[in-house]
Amino acid sequence: MKTAIIILNWNGEKLLEQFLPSVVEFTAKQAEIYIADNNSTDNSIDFITENFPSVKIIKNAINGGYAKGYNDALKHIDADIFCLINSDIEVTENWLNPILNEFKNDENIGVLQPKILDFKDKTKFEYAGAAGGFLDFFGYPYCRGRIFNDIEKDKNQFNKISDIFWASGACFFIKSDLFRELNGFDEDYFAHQEEIDLCWRVQNAGFKIKYIPNSIVYHVGGATLSNLNPKKTFLNFRNSLLNILKNVPNRYLIFLILSRLILDGFAGIKFLLELKPKHTFAILKAHLSFYSLFFKFLRKRKNKKKKTDYYNHKSIVWQYFVLGRKKYHQLK
């Protein structure tokens with residue numbers, strides 16, 4: 001299968017200098033490598049041109065974030081499989097083969113994710129994806145190997161190919177025909193959790209999403225937008241609500257939206273008690289933005305034949321904060 005590796009870049013010259021060599025070394029013989037540049041103002045393009053002439057460059061007219069950045073760039077790429085990979089990821093030898101083999105072996109697979117470990121501590125999983133993503137009943141995302149800010153060490157506990165609900169946007173493999181059929185990412189998200197929305201729609205279309213442990217990458221995480229940044233808090237809380245409004249089955253919709261608004265309020269109080277008022281304000285802004293987009297996203301629910309149930313009746317908030325269950329295997 002013809003495969004394209006696409007790295008989204010915005011003013012990331014230092015990251016490209018550090019991480020692009022591993023991608024070229026372990027990938028160039030099997031796939032074409034692209035930089036999708038979101039209108040950078042640094043020397044990223046000159047650096048790539050001078051040092052990696054085999055890497056192709058697609059220049060986007062504006063910085064449209066993760067969603068629009070990839071949507072714009074992928075229109076110009078001819079491939080069977082797209083791999084969307086962050087600029088702060090180090091890949092490993094033979095990382096691509098297990099992924100491509102799984103696509104070949106099962107035509108019902110739409111999206112795949114490798115094992116994502118922490119570049120700063122390679123014994124641990126990394127926050128953004130770990131060993132594959134899930135949602136709890138209230139639409140809060142969590143991962144095998146990472147629940148909220150508790151991250152597990154990799155002790156081979158997730159070393160089987162497994163079905164997951166969402167794959168991390170940090171290293172995201174998808175069939176190109178499916179990406180185009182579903183009109184790619186929803187650009188109203190800008191960044192954060194747009195991959196969860198797309199994975200939801202992939203499953204609505206009847207395709208599977210899996211985690212492939214024999215493919216390993218190392219992710220810095222927070223290189224573009226730190227977890228401590230209120231902008232990230234705003235995007236995560238708003239986009240999580242948008243996911244519910246857009247994708248949850250009708251019978252749960254009103255209950256889940258009201259429940260989430262209340263739970264988010266408790267999160268805002270928690271940030272205040274931790275002396276992080278900017279994050280409390282970010283949640284308030286997220287809710288106001290959600291209200292402004294409400295009817296637009298309500299219209300996006302129309303003309304869908306099926307809405308995939310995402311939940312397993314767990315509340316990750318209750319299990320984590322009240323029952324103290326910090327690891328995936330403890331969840332009940």
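Going by the conditions given, is residue 196 out of contact with any Cys (no Cβ under 7 Å at 6 or more places or on another chain) and free of Cβ contacts under 8 Å to residues at least 40 places away in the same chain? Against the criterion (out of contact with any Cys (no Cβ under 7 Å at 6 or more places or on another chain) and free of Cβ contacts under 8 Å to residues at least 40 places away in the same chain), residue 196 does not qualify.
Would you check which residues across segment 1-39 are in a loop (DSSP other than H, G, I, E, B), buried (at least 19 other Cβ atoms within 10 Å of the Cβ) and of a type outside the set (A, V, I, L, M) and list them?
Of everything in segment 1-39, those that are in a loop (DSSP other than H, G, I, E, B), buried (at least 19 other Cβ atoms within 10 Å of the Cβ) and of a type outside the set (A, V, I, L, M) turn out to be 10, 12, 38.
Scan segment 140-154 for residues that are in a loop (DSSP other than H, G, I, E, B) and either at pLDDT 95 or above or surrounded by 24 or more Cβ atoms within 10 Å (Cβ to Cβ) (or both) and the total you get is 4. Under the condition of being touching a strand residue (DSSP E or B) at 6+ places or on another chain (Cβ under 7 Å) and in a loop (DSSP other than H, G, I, E, B), which residue from segment 107-125 is farthest from residue 24 (Cα to Cα)? Top of the filtered list is 108.
Which residue, of 252, 291, 218, is surrounded by 20 or more Cβ atoms within 10 Å (Cβ to Cβ) and aromatic (Phe, Trp, Tyr)?
Checking each option against the conditions leaves just 218.
Output the number of the condition that residue 235 fails; it satisfies all remaining conditions of (1) touching a Leu at 6+ places or on another chain (Cβ under 9 Å); (2) assigned by TED's automatic domain parsing to the domain that holds residue 112; (3) in a helix (DSSP H, G or I); (4) closer than 28 Å to residue 15 by Cα. Every condition holds for residue 235 apart from (2). Name every residue in segment 101-149 that is in contact (Cβ under 8 Å) with a residue 40 or more places away in the chain and more than 18 Å from the chain's Cα centre (by Cα), in order of residue number. Across segment 101-149, the qualifying residues are 102, 103, 104, 106, 108, 120, 122, 137, 138. In this structure, residue 29 qualifies as at pLDDT below 95 and either among the polar types (S, T, N, Q) or more than 25 Å from residue 186 (Cα to Cα) (or both). Among what's in segment 42-87 and is of a type in the set (D, E, K, R) and surrounded by fewer than 19 Cβ atoms within 10 Å (Cβ to Cβ), pick the residue that is farthest from residue 1 (Cα to Cα). Restricting to residues being of a type in the set (D, E, K, R) and surrounded by fewer than 19 Cβ atoms within 10 Å (Cβ to Cβ), the top hit is 42.
The values are calculated or read from the model by the stated rules, or taken from the named source; none is laboratory data. Since this is a predicted model, take the numbers as computed values, not measurements. Please note: Cβ atoms are built from the backbone with ideal geometry, for glycine as well, and neighbour counts cover all protein chains shown.
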